[in-house]
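Trainee: One structure is given below, represented as structure tokens, and several questions about it will come after.
Each reported figure results from applying straightforward, stated rules to the coordinates on display, with no laboratory input. Every value quoted in this text rests on a predicted model; they were computed, and no experiment measured them. When we count neighbours, we look across all protein chains shown, and the Cβ atoms used for this are built from the backbone with ideal geometry, even at glycine.
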């Protein structure tokens, strides 16, 4: 069975890949159908003509035989018995050929006679009357000349098809005359004809296959040559061209292909040159702007440092100037990073380390953003180290961008960061999820485009440059990993960073799902838990619910509990109810309902009017990014 499957698979593969084979098989199939139809029609026509000629000759022979028998029986003395009369009549017919078989224009035949006579009257047969079909005899007894094809067996050893013709006698009452004509010669002729047609058909099919192969080869060879040259052209060998021979259709195809290849080669070269110029321009402009930016930065720092001596309007202006300089400097850094990725010169500084360190560093950077937006960040990191070969600077930047992006679009609801590793799958996954406006269908791909916004009129709260997610996806690709997005309007968005633990090995299945199991997000309960120190003694995690590396419950940062003065230190509180029974936030059955000290802040806008920001500043200054 396996052998047949292998052969079938190989034939199917050959059928799909070979145009010449399909043309040959199609031609042979159609030719076989046509030859078969012609053979059946010709055989039927020839058979009908042979039998028609046999019947006509048999009818003529019956007329002569009836005349001979009637003359013989009328000249027989009346003293002879009916049996003797019938025997003499059969003998008169046989005397023509000198044997037991009579012969004539219709070929050799045998005779059978029957009449009613004797005392008492009864049927007197003569010859092989048993070979005559009863149906035919009934027609003859009704004074009709009839014939019928049947199978007979005579004492001479012949057994086969025969033509039996019967006729009543006009002069001898109750006399039935039957002539049996074997069809051996006709069957032999038909068998010879069928064999000849079969051999001729096979030879014709072989010749057609050879002719079709030669003809299709003339067409297929240039096509195969064009396919090979197109493949090499696609591999970057832009000088490949087809050989033009003659002035036929194939020559025009080769000429058109060469013209197309020349045009594409010129356009590709121009695009490469334009891309190089664009990247060089971006890099040069970014570098050239650093000098005046440094000067402006020094002046702005000097003014901002003396803001206490300025009037409130000038002090506010100096603060805005410093903030915009921070954003401008971040934009220059992002442009330089993008230019390095475009030029293919971005390199990884690989280290084997605990990826949780990158997550903690990113969380520390966005603490002030979460606090300003009154957004809780729920941290769910594994208790055990997650060691992977990564570039810590780039991984931290990716996570920082994702967290700041989630905070910016959370609409005051909690943001969850969760990390899991799977050594067997050679994968470490980090999911950042918010419960904000979400993404409309199709935007999960557009969100990674440079400077893309769902709502261009929206102002970025975190001061991002619009290049953060573009750089993040390039960093993920540089690690041979993936950065994926999911979103649902009104439910939230989820971003998953999937990286290999060991470089060079195949990246397996992610240990974390990108989409939540439940899409509906309930309202958060408002509670006032007592703050605790974030550096509390570690405790064993319970169940599958999210746990922080330092605490028994997920760490939450960003929002101050109501009724408590901020102390400058972060507080660990119970996990907020992000999504009940969700794969990223559900705890063991029987756990107490989580509480939170967050008071979500909403701006009253419709969720569809908020865009997805892609980045956060790559440098911080005075606690601002």
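Trainee: In nanometres, what is the gap between the two model label sites at residue 38 and residue 301, each 7 Å from Cα along Cα-to-Cβ?
Mentor: 9.7
Trainee: Could you sort the peptides 86-94, 7-15 by per-residue average Cβ neighbour count (10 Å cutoff), highest mean leading? Each step should come with its number before you reach the end.
Mentor: Details: 86-94: 19.2, 7-15: 10.3.
Top of the packing list down: 86-94, 7-15.
Trainee: Sticking with this structure for a sec: Round to a whole angstrom and tell me the spacing of the C-alpha centers of the stretch 217-258 and the stretch 132-205.
Mentor: Each part reduced to its Cα centre gives a spacing of 67 Å.
Trainee: I need the calculated FRET efficiency for the pair residue 218 and residue 159, taking r as the beta carbon distance and R₀ as 45 Å, to the nearest 0.05.
Mentor: Values: r = 57 Å, r/R0 = 1.26.
Taking R0 as 45 Å, the efficiency between residue 218 and residue 159 is 0.20.
Trainee: Using R₀ = 56 Å, calculate the FRET efficiency as 1/(1 + (r/R₀)^6) where r is the Cβ-Cβ separation of residue 271 and residue 319; round to 0.05.
Mentor: Numbers: r = 44 Å, r/R0 = 0.79.
Once the sixth-power term is evaluated, E becomes 0.80.
Trainee: Compute the Cα gyration tensor for the stretch 17-240, then decide on rounded, prolate or oblate, letting a ≥ b ≥ c be the square roots of its eigenvalues: rounded whenever a/c is under 1.5, prolate when a/b is larger than b/c in the other cases, and oblate in all that remain.
Mentor: Details: a/c = 5.64, a/b = 4.79, b/c = 1.18.
It comes out prolate by the Cα gyration axes.
Trainee: In addition: Pop the C-beta distance of residue 174 and residue 45 into the FRET formula with R0 = 45 Å and round what comes out to the nearest 0.05.
Mentor: With a Förster radius of 45 Å, E is 0.65.
Trainee: Let me ask you something else. With a ≥ b ≥ c the root eigenvalues of the C-alpha gyration tensor of the stretch 307-381, is it rounded (a/c under 1.5), prolate (a/b larger than b/c) or oblate? Walk me through the intermediate numbers first.
Mentor: Values: a/c = 3.33, a/b = 1.39, b/c = 2.39.
It is oblate, given that a/c is not under 1.5 and a/b is not larger than b/c.
Trainee: Report the extension gain between residue 19 and residue 63 in nm, rounded to one decimal, defined as 0.36 nm multiplied by the number of residues separating them, less their alpha carbon distance.
Mentor: Values: separation 44, 0.36 × 44 = 15.84 nm, distance 6.60 nm.
Residue separation times 0.36 nm, minus the Cα-Cα distance, leaves 9.2 nm.
Trainee: Which whole-number percent gives the relative contact order of the stretch 248-346, counting Cα pairs below 8 Å spaced six or more residues apart?
Mentor: Numbers: 34 pairs, mean separation 33.9, N = 99.
Across the stretch 248-346, relative contact order equals 34 percent.
Trainee: Per-residue counts of other Cβ atoms within 10 Å, averaged by peptide: what ranking do you get for 138-146, 468-476, highest first?
Mentor: Numbers: 138-146: 13.8, 468-476: 24.0.
Answer by packing, highest mean first, reads 468-476, 138-146.
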